[in-house]
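I have placed the structure first, in the form of structure tokens, so that the comments after it can refer back to it.
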Amino acid sequence: MEIDKKTPTIKTILNIVENIIIVFLLLITVILSYLAICNIGKDKPPSVMGYSIYIVLSGSMNPSFDTGSLIVSKSTPVEDIKVKDVITFKDSKSEDATTHRIVEIKEDDNGVSYITKGDANEVNDPKYVPYEDVLGVVKMSIPKVGGGMKFLNEKIGVYILAPLIGGILIIYESIKIIRIIKKDKRFKE
């Protein structure tokens with residue numbers, strides 16, 4: 001039986017998958033490093049192309065977003081924000097951001113502001129949220145990922161993850177180099 005040399009072998013496919021995983025890990029490391037550096041000394045979370053990541057800490061938005069979900073918000077012009085949009089905004093009571101649904105929009109001499117409400121709450125939030133406090137409109141959520149991201153958001157998480165990924169990449173590449181050396185006849189004598 002003759003094997004067609006143009007047909008990719010399992011080994012070739014595995015090498016492609018390995019390279020994709022390495023590029024993915026390097027990309028994650030670069031993004032985490034960028035976000036960590038951008039967040040130094042700022043009161044807003046870092047964003048990439050207008051997108052920011054938040055973790056749902058309470059059940060006020062159940063069933064839309066469970067506690068521990070990761071949400072992605074995008075900064076959005078005032079004219080594009082509508083009733084029923086879910087927004088993330090700075091909470092005047094704490095350092096944390098709040099994510100609730102818009103139930104009413106108010107326009108006056110002070111500008112645009114919003115009345116919001118958590119989906120699981122029985123009453124609207126007591127204060128209007130001025131547009132200036134809006135961090136973004138929620139575009140996506142990933143359930144149950146927030147716990148791991150919360151750990152990574154802490155200094156200890158970044159200090160552990162970056163060397164861990166770097167160490168894994170170094171070990172992986174070292175193993176590949178050793179295999180190449182063992183196969184190469186010039187090194188066998």
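Observations, loosely collected:
- Scanning the stretch 88-115 for residues that are buried (at least 17 other Cβ atoms within 10 Å of the Cβ), modelled with pLDDT of 90 or more and not polar (S, T, N, Q) returns Phe89, His100, Arg101, Ile102, Val112, Tyr114, Ile115.
- Answer residue from the stretch 18-50, given it is surrounded by 14 or more Cβ atoms within 10 Å (Cβ to Cβ) and under 15 Å from Thr88 (Cα atoms) and is modelled with the highest pLDDT among those: Ser47
- Among the residues of the stretch 58-87, those that are β-branched (Val, Ile, Thr) and loosely packed, with under 15 Cβ neighbours inside 10 Å comprise Val78, Val83.
- Odd one out for Glu132 among (1) in contact (Cβ under 8 Å) with a residue 40 or more places away in the chain; (2) in a helix (DSSP H, G or I): (1)
The values are calculated or read from the model by the stated rules, or taken from the named source; none is laboratory data. All of these numbers come straight from a predicted model, not from anything done at the bench. Ideal geometry is used to build each Cβ from the backbone, glycine not excepted, and the neighbour counts take in all protein chains shown.
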